[in-house]
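A short write-up of the structure that comes next.
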């Protein structure tokens, strides 16, 4: 019998924003894997750490975070083989990822390689969308409003078209694209309601009006939200 | 000292998909409020019930679920006054809602009325977006793809424009709008990859290819997802 592959969302950053189900599955799985930087540091390990039992096999998946999907795909091919080895030996593997596994989650890279051959289960987690809105203290989307979630690395013209087409928008993966995103939001006349949030729900969370952010300082895990204005809500 | 108003996401349906933080705050709050139907039945109460201590004041907020935001606004005005009474008396109030409080959450109706006068904190929860993708077994959005979240009650032409503008789309609040949404998705040539999910993560969860759903049977809490095709991911 092969092991089961779990994709586990550990939430946005606060270790208390993990689900009971994620904690239970982590307690039972003999192998725990999670994304890490090239140097081996792992934000996901830091979030899940308080809930991870000792004595498990741990696999730090060293990925080029923020260097684009193509670079990540190449790295995950190797780790998929390592994880398949554990599954073949009958050991369940829980792959932990920040936020939700199927909403921009790094689990998707493994799922595409392993789901056809192994039993796979996904445990949804608290995504950064709700966490960022909670941090900003503003409702993101309500009633009959449309929410567009747009990655910042898109080209400027496309970014403008996609952002302009939503009642509420969330720009993800901001990082070094901040100056470009800010130009687009300014051009669309949305700066007054745009909020910048980095490291939502973590100890060093920062929340600022977009106009006041230093463009040089944004980490990869930062977001900008322009909440819906409630016009469609009543 | 006034009490604190909490907006608590209890997740999509499975009581195990609640966060540790939500459980802790429910354990401490003397007043627990949640949306219910006109008849007093509450899906949120059913989700959170296993984690709610005995002996708390409970307020079932009887709202016209599925009859539109304007109807809900009118109802919440009365309940906001009742909740303000508890806050004025120094009692914390936790308002529970399905999914995430600030992503189409019913907490938004209270927030608009009470956040200016009372200390307000939001605990994000697992939203139905990730839960529906997990139930369907398909990654919803990855890499540099754009995700559009679109409420089904929109007019058909607008629905088509909004759905056509995303790489991945999620249609929320489907219910009696299923036939219309299916026409639009057919017209956009997306039927082959569209998945219908009702009551995601609950005991009576149903997952079907969109083409095979009986249009007369969809409950209000049903969704349709058209996952991104991965073209922007590599």
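Read the figures in this text as sums done on the coordinates, not as results from a lab. Keep in mind that what you see is a predicted model, and the values were worked out from it rather than measured. Positions of Cβ are generated from backbone atoms using ideal geometry, with glycine treated the same way; all protein chains shown enter the neighbour counts.
Each copy carries residue B:66; placing its label point 7 Å along the C-beta direction from Cα gives inter-copy distances of 4.7 nm, listed from smallest up. Projected over every direction and averaged, the convex hull enclosing the alpha-carbon atoms of region B:149-209 yields 4.1 nm². Peptides B:150-159, B:165-174 ordered by packing proxy, namely the average of other Cβ atoms within 10 Å per residue, highest first: B:165-174, B:150-159.
Take every residue in peptide A:67-77, count the Cβ atoms of other chains within 10 Å of its Cβ, and give the average of those counts.
Taking the mean over all residues of the peptide, I get 2.
Cβ crowding within 10 Å, taken as a proxy for footprinting-reagent exposure, orders A:145, B:160, A:41 from fewest neighbours to most as A:41, B:160, A:145. Each of B:86, B:51 was scored by other Cβ atoms within 10 Å of its Cβ. Listed from fewest to most, they are B:51, B:86. Residues of region A:84-104 with an amide N closer than 17 Å to a point placed 7 Å from the Cα of residue A:28 along the Cα-to-Cβ direction: A:87, A:90-96.
When the Cα gyration tensor is reduced to axis lengths a ≥ b ≥ c, the ratio a/c is 1.5 or higher for region B:128-233, and with a/b not above b/c it is classed as oblate.
Note that region A:1-109 shows a convex hull volume over its alpha carbon atoms of 96 Å³ per residue. The protection proxy used here, the mean number of other Cβ atoms lying within 10 Å of each residue, ranks peptides B:68-78, B:110-120 as follows, highest first: B:110-120, B:68-78. Distance between the modelled labels on residue A:212 and residue B:208, one decimal in nanometres: 5.2 nm (7 Å Cα→Cβ projection). Dividing the Cα radius of gyration of the protein assembly as shown by 2.2 N^0.38 Å, with N the residue count, gives 0.93. Shielding value for B:17-29 is 4, the average number of Cβ atoms from other chains within 10 Å of each residue's Cβ. How far is the Cα center of region A:83-117 from the Cα center of region B:34-107, in Å? When both Cα centres are located, 37 Å separates them. The base-10 log of I(q)/I(0) for chain B, evaluated at q = 0.12, 0.13, 0.14 Å⁻¹, reads -0.69, -0.79, -0.90 [Debye formula, identical scatterers on Cα atoms, solvent excluded].
Enclosing the Cα atoms of region A:59-130 in their convex hull gives a volume equal to 89 cubic angstrom per residue.
With both labels modelled 7 Å from their Cα along Cα-to-Cβ, the residue A:156 to residue B:39 distance reads 5.8 nm.
Counting only other chain Cβ atoms within 10 Å of each residue's Cβ, the peptide B:113-123 averages 2.
If you plug the beta carbon distance of residue B:82 and residue A:179 into 1/(1 + (r/R0)^6) with R0 = 51 Å, you get a FRET efficiency near 0.60.
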